[in-house]
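First comes the structure, then the notes that go with it.
Here, each number is a calculation from the coordinates, and none is a lab measurement. Since the model is a prediction, treat every value here as computed from it, not as a measurement. All Cβ positions, glycine included, derive from the backbone under ideal geometry; neighbour counts span all protein chains shown.
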Amino acid sequence: MTGERAECARAESSRQAVRGRLAPSPTGALHLGNARSFMLAWLSARSRGGTLVMRMEDLDHPKNKAGAAEAALLDLRWLGFDWDEGPDVGGPRAPYVQSARKELYARALERLREAGLVYPCVCTRRDVEAGQSAPHEGEVLFYDGTCRGRFADYDAARRALPEGRLPAWRFRVGQSAPVSFDDGFCGRFTQDVASASGDFVLAREPQGAGYMLAAVVDDAAMGVTEVLRGDDLLEATPRQLLVYRALGLTPPSFTHVPLVVGEDGKRLAKRHGDTRIASLRESGVPPERVMGLLAWWCGWADRGEELGLRDLLPRYDPGALPRAPAVFDCAAKEILGMVR
Ligand code: GLU
């Protein structure tokens, strides 16, 4: 093979290999912050000819809202997103909704149980519930290991609880668990999981696996090669890497990007104004204006420029992504016509 042909073959195989994912949770309406992270995930995969998987992270959670899963897909389609596999388009690794994949998580948990890497825990409900969803920054609870080595088996733990409550399953982190990885945006990140969170919840009963286990099992089963998401999950990644290791799975690459914040520097919330994509659509803002704002935040568009998602492919420059979070400020509101 000539040098040039070899180069083309290499480029071709690396193109085929990239698989990114969009993984919304139906816990509320999609807002500008979510849309910005999804835009970067889409661009990262598509700019290298990669495939995108849409996965709905709809495991039982008190914060789940009826209709939010369908609404998220609708909002993303309106903004110009597409995906090759997903709940609405099917694909070889279906199903693409977590609530329909519980069998897989149960099997993974069984393997961890056999390996002695999880133990039953009877600690407080709040602690266990927190383990069911993605532990965004500020939501990490430290566990001191109260139940580690406390019960001979699951039944013994169950007998320690009142009727109607079942023990959860906690991952055994141990006394020291330093984990390092190279983040695509943040660079080298090191954390000792033992002191950061301690043993963490993988599943509760009878609901089954929570986010930590489900996301790992799915990203591996769906052949995901890169995870790009908000940097509020950076600190959760070492825990996920421990789960990958425990299950003998190859982790994807991780890239954590800054979030969109309000003028007070806090993660986007209701008090910052209505930044829901559906509200923008309903008030007649064109999708290109929204995408233009997301691109302007990244430094790839002029203020107020209107652009389609695909128009961003030639402008996509991950190296030029601002280090600081994007701010939903007066300028952003003006672009969206929210202030006159
Ligand atoms: N479904 C999670 C969330 O919306 C995303 C988790 C992930 O990207 O790994 O918080």
> Measuring from centroid to centroid over Cα atoms, what is the spacing of the stretch 26-89 and the stretch 227-268 in Å?
Replying inline: 16
> Tilt of helix 68-79 relative to the longest C-alpha principal axis of the chain, in degrees (0 to 90, nearest 10)?
Replying inline: 30
>> I need 232, 192 ordered by Cβ neighbour count within 10 Å, fewest first.
In response: 192, 232
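Taking the number of other C-beta atoms within 10 Å as the exposure measure, put 307, 202, 321 in order starting with the fewest. Numbers along the way, then the final one.
Numbers: 307 22, 202 27, 321 17.
If I rank by nearby Cβ atoms, fewest first, I get 321, 307, 202.
May I ask you to derive the relative contact order of the stretch 209-321, considering only C-alpha pairs under 8 Å and at least 6 residues apart, and to give it as an integer percent? Please report the intermediate quantities before stating the final value.
Details: 98 pairs, mean separation 19.3, N = 113.
Contact order relative to length: 17 percent.
Kindly count the pairs of lysines across the chain whose alpha carbons are less than 25 Å apart, treating pairs on different chains or eight or more residues apart as eligible. Walk me through the intermediate numbers first.
On the way: 63/102; 63/266; 63/270; 65/102; 65/266; 65/270; 266/333; 270/333.
Lysine pairs meeting the criterion: 8.
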>> Running a GNM on the chain with Cα contacts under 10 Å, which residue among 201, 217, 140 ends up with the highest mean-square fluctuation?
In response: 140
> What is the projected area of the convex hull of the Cα atoms of the stretch 94-221, averaged over all directions, in nm²?
Replying inline: 8.8
>> Quick query: amide H of residue 253 versus all other amide H atoms, modeled in the peptide plane; which residues come in under 5 Å with a sequence gap of 5 or more or a different chain?
In response: 226, 227
>> Can you give me the angle between helix 102-114 and the longest principal axis of the chain, using Cα atoms only, in degrees from 0 to 90, rounded to the nearest 10?
In response: 50
> Relative to the longest principal Cα axis of the chain, at what angle does helix 3-17 sit, 0 to 90 degrees, rounded to 10?
Replying inline: 60
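The stretch 155-261: which trypsin sites (Lys or Arg not before Pro) are DSSP loop and have at most 15 other beta-carbon atoms within 10 angstrom? Let's see the in-between values first.
Details: sites: 158, 159, 165, 170, 172, 188, 204, 229, 239, 245; in loops: 165, 172.
Listed in order of number, the matching sites are 165.
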> Just from its helices, what would the mean residue ellipticity at 222 nm be for the chain, if runs of 4 or more DSSP H residues each count -39500 (n - 2.57) and the sum is divided by every residue, rounded to the nearest 500 deg cm²/dmol?
Replying inline: -10000 deg cm²/dmol
> Using a Gaussian network model of the chain with C-alpha springs under 10 Å, which one of 175, 240, 98 is most mobile by mean-square fluctuation?
Replying inline: 175
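Could you put 136, 31, 61 in order, starting from the residue whose Cβ has the fewest other Cβ atoms within 10 Å?
Details: 136 15, 31 23, 61 18.
Listed from fewest to most nearby Cβ atoms, that is 136, 61, 31.
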> Residue-wise, which Karplus ³J(HN,Hα) couplings in Hz belong to the stretch 298-304, taking 6.51 cos²θ - 1.76 cosθ + 1.60, θ = phi - 60°, and x for glycine or proline?
Replying inline: 8, x, 10, 8, 7, 4, x
> With a sphere of radius 9 Å drawn around the Cβ of residue 75, what net charge do the other residues whose Cβ falls strictly inside it have (Lys, Arg +1; Asp, Glu -1)?
Replying inline: +3
>> Over the chain, with a Gaussian network built from C-alpha contacts below 10 Å, which listed residue (200, 38, 181) shows the highest mean-square fluctuation?
In response: 181
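Rounded if a/c is under 1.5, else prolate if a/b beats b/c, else oblate: with a ≥ b ≥ c from the C-alpha gyration tensor eigenvalues square-rooted, which is the stretch 286-332? The partial results should precede the final answer.
Details: a/c = 2.28, a/b = 1.02, b/c = 2.23.
Oblate, because a/c is 1.5 or more while a/b does not exceed b/c.
Please state the charge dipole magnitude for the chain, taken about the Cα centre, from unit charges on C-beta atoms (+1 on K and R, -1 on D and E), reported in debye and rounded to the nearest 20. Intermediate values should be presented prior to the final figure.
Working: 45 positive and 46 negative charges, 105 e Å.
The calculation lands at about 500 debye.
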> In whole Hz, what ³J(HN,Hα) sequence does the stretch 46-59 give by Karplus (6.51, -1.76, 1.60; θ = phi - 60°), x for Gly and Pro?
Replying inline: 5, 5, 10, x, x, 9, 10, 10, 9, 10, 8, 9, 10, 5
